[in-house]
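First comes the structure, then the notes that go with it.
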Amino acid sequence: MRTVETDQDIQDMARGAVLLGTGGGGDPYVGELFLRAQMQRGRKAKVVDPSEVDDDAFVLSIAGVGAPPVLIEHLVSEKLLLRLLARAEAFYGRRVDVLISAEIGGANSMFPLALSAISGVPVVDADGVGRAIPHIEMTTFSIFGVKATPGIVMDELGNVFTLETVDDRTAEDAIRAVTGTLGAMTYCALYPMSGKQMKASAVLGTIDQTLQIGRVIRQGRERSEDLFGDLLAYLGRDGRLATILFDGKIVDVTHEMRDGWHWGRATMSPLGDGPDVFTIDFQNEFTVARLNGRTVTIVPDLISVLDRETGEPLTGEMLAYGQRVKVLGYAADPLLRLPESLDVLGPRMFGLDEDYVPIEQLNAARQPEALPA
């Protein structure tokens, strides 16, 4: 077991979480400030390796549900998180031994760490998808047999709903309806599981990955060297392709709040006078990237937008006209590419009229210099 020791570590983890959040998951800055405040009071988040979790340990996910832009209007508090934990332990009738992130992206990677600092309950170095996703049933927990419910939904005013559904798609619909009624932002205790189930269904090592991603970006920026080259090298260390899909400027962007999600499209052009047109569609998270109408990356592979000067990853709601950016494509964890995962996480589940093709195949014909060495 280790602890999150410094403000710098928290900032690096938040930055890495935005990259893995693929535009969604909520801006982790709120969670970062909250966690730093706990550290100033002498409280530190504890992180435990999956191998250290007993098979019979009780593991529970704590997550925010709602449209990312609304998060700033419904600030998480120490009182809310402690109340949620206490209600969960009373509801399940046992002490929570370990917390786990439902998704590693954005704010949802920070909330469990904040609760760990407050309560002393450790967070396991893993999550339920290795990125951010818009639907509850799209986690590897759900795909590999861990049900989202029975669970609890709570808002910052203290309204509490308990639910148990026959399947996780129904849980998604029910929680989304409750969340819409409560102002488009709730906090949930979901996916009760054993340590053995966690090891079999989670994407492992992702908390440390956020730290390392953030550190690589920060150190590259401080050295004024090729931070994007360093980032691609780190992401590709385990054989997963990471590549810069586009380098240019945002010339148009739309944002719409609809059905509890943040929808939009960003359109980009080269910095010079080139004719290329690059687009990214999003439903909370970036779902598909196209160059001149041809798909170059599609869910569940990751699409991240970074400021081209600083390497700072951007959430979907941060995108604005005139920004100069680089778009990064990153192969999803192998668990997300299995047939049973694609049945839940594939493009058609996001309303896209095309099948999943791995990023490696979509970019095989591009110029070699566009891909990492």
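A few points about this structure:
- Projecting the Cα atoms of ILE175, LEU20, MET154 onto the dipole axis of the chain, where Lys and Arg carry +1 and Asp and Glu carry -1 at the beta carbon, places MET154 farthest toward the positive end.
- Listing VAL123, VAL277 from fewest to most neighbouring C-beta atoms within 10 Å gives VAL277, VAL123.
- Isotropically averaged projected area of the chain, using the convex hull of Cα atoms (one quarter of hull area), nm²: 17.1 nm²
- Distant-in-sequence amide H partners of PHE58 (H built 1.01 Å from N, under 5 Å): ASP97, VAL98
- DSSP beta bridges confined to the chain are antiparallel in about 90 percent of cases.
- Of all DSSP beta bridges in the range 19-171, antiparallel share, percent nearest 5: 35 percent
- Likely footprinting exposure, ASP230, ASP307, fewest C-beta neighbours within 10 Å first: ASP307, ASP230
- Under Karplus coefficients 6.51, -1.76 and 1.60, residue-wise ³J(HN,Hα) of the range 20-25 in Hz, glycine/proline x: 5, x, 6, x, x, x
All of the numbers you see were taken from the coordinates with simple rules; none came from a lab. Here the structure is a predicted model, which is why all the values come from computation and not from measurement. Reconstructed Cβ throughout: ideal geometry from the backbone, glycine too, with neighbour counts over all protein chains shown.
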